[in-house]
Every structure is written in structure tokens, then in C-alpha cells.
Amino acid sequence: MNYSRKSYSVNEATKKLERYCAYQERCHLEVTTKLRTMGMIPQAIDLITTHLIQNDFLNEERFSRSYARGKFNLKNWGKVRIVAELQRRNISKFNIKLALEEIDKKDYSQKLDLIARKRLHQIREENLQRRRKKLADYLLYRGWERNLVYAKIAELI
């Protein structure tokens with residue numbers, strides 16, 4: 001089988017990536033990966049990435065702030081998971097710090113209380129230790145800090 005891959009000129013790829021970045025916030029890693037899958041050479045990748053940054057289609061600070069807000073509000077992730085995912089995307093420590101400032105301390109503790117109570121209500125385990133463990137595992141997987149998780153479990157159970 002002969003698989004042919006569509007080839008793009010730099011201008012075509014630039015327009016395509018402008019639409020890609022305008023659709024939702026992207027990080028540099030996502031853009032570079034997209035350009036590689038399009039078969040672009042490294043010099044073209046650098047050229048297009050520079051264009052996207054200069055024309056404000058690509059902004060890591062804006063991406064990291066938006067990412068942190070979204071994952072906290074929509075997916076109920078804690079700071080540990082958000083930081084890990086941002087690091088996986090090669091976001092700088094400075095931008096990660098700025099992203100975490102998007103999460104209000106009061107909202108953070110309220111969200112932990114809300115999801116802990118909701119999850120505890122869903123756990124049908126009779127054994128108290130297993131019940132605690134299931135709740136802890138759930139909250140830790142979602143990226144909530146250990147000290148907050150264990151304090152909340154002690155408060156609830």
C-alpha cells in the first residue's frame with residue numbers, strides 16, 4: 001500500500017496552525033507535535049512557531065493559566081495533578097507558578113470539601129479502613145495534596 005501524506009507549504013501550514021491555535025489555547029509542545037505530524041522540517045517548525053508567538057496565537061502564560069482554571073473548575077483536579085500535567089507539557093516553573101495563582105484558596109478548600117463529601121456518599125464499603133482508603137485514593141489520584149486529603153478524611157470519617 002502506498003500511503004501518501006499531504007505536503008504543506010510554510011504559508012499553508014502557518015494558516016492551518018493559526019486556526020489550530022485560535023480554536024483553543026495550545027502550548028509549544030502541542031504546536032511542535034502538530035507540525036511534525038504534518039511533515040514539516042525543523043527550520044519551518046521554528047519559523048512557524050516564531051510567527052505564532054509574535055502574532056499572539058501562541059502564549060505559554062495564557063495557556064498555563066487557562067489550563068489550570070479549566071482543570072480545576074471542570075475536572076476537579078488538585079494542584080499536584082495540574083502541576084504534573086503542566087510539567088509534562090514542558091511549561092516553565094515561572095508559568096506554572098502563575099497558573100496556580102488562578103486558583104482561589106477559598107474555592108480550593110470548598111471544592112475539596114464538596115468532592116470529598118460527594119465521593120464518600122458514593123462509597124458503599126462497610127469497613128471503615130477500606131472506606132478511608134478508597135476516599136484517599138480517589139482524592140490523591142485527582143491531584144489533591146496529601147496533608148489536605150488526610151485532614152479532610154479525619155474530619156469526615
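Quick look at the numbers
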item	result
Rg/Rh ratio calculated on Cα atoms of segment 105-156 (Kirkwood radius)	0.94
Where GluC sites (Glu not before Pro) fall in DSSP loop in segment 26-133, at most 13 other Cβ within 10 Å	GLU101, GLU125, GLU126
Average projection area in nm² (convex hull over Cα atoms of the chain, one quarter of hull surface)	13.2
Euclidean distance between Cα centres, segment 74-152 to segment 27-55, Å	34
Using alpha-carbon coordinates, inclination of helix 146-156 to the longest axis of the chain, degrees	40
Degrees separating the helix 42-54 axis from the principal Cα axis of the chain, which is the longest one	70
Within a Gaussian network of the chain (alpha carbon springs, distance under 10 Å), most fluctuating of THR37, THR49, THR14	THR37
Dipole-positive endmost among LEU47, ALA13, LEU86 within segment 1-95 (Cβ charges, Cα centre)	LEU86
Degrees between helix 128-141 axis and first principal axis of the chain (Cα, 0 to 90, nearest 10)	20
The chain - percent relative contact order, Cα under 8 Å, separation 6 or more	21
Charged-residue dipole, Cβ positions (Lys, Arg, Asp, Glu), segment 60-100 about Cα centre, Debye nearest 20	100
Cα shape, segment 48-115, gyration tensor, a/c 1.5 rule	prolate
Listed residues ALA136, ALA68, ALA22, most fluctuating in the chain (Gaussian network, C-alpha, under 10 Å)	ALA22
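Only the coordinates and a few stated rules stand behind these numbers; no lab work does. On a predicted model such as this, the values are computed, not experimentally measured, just so you know. A quick note on method: Cβ atoms are made from the backbone with ideal geometry, for glycine too, and the neighbour counts reach across all protein chains shown.
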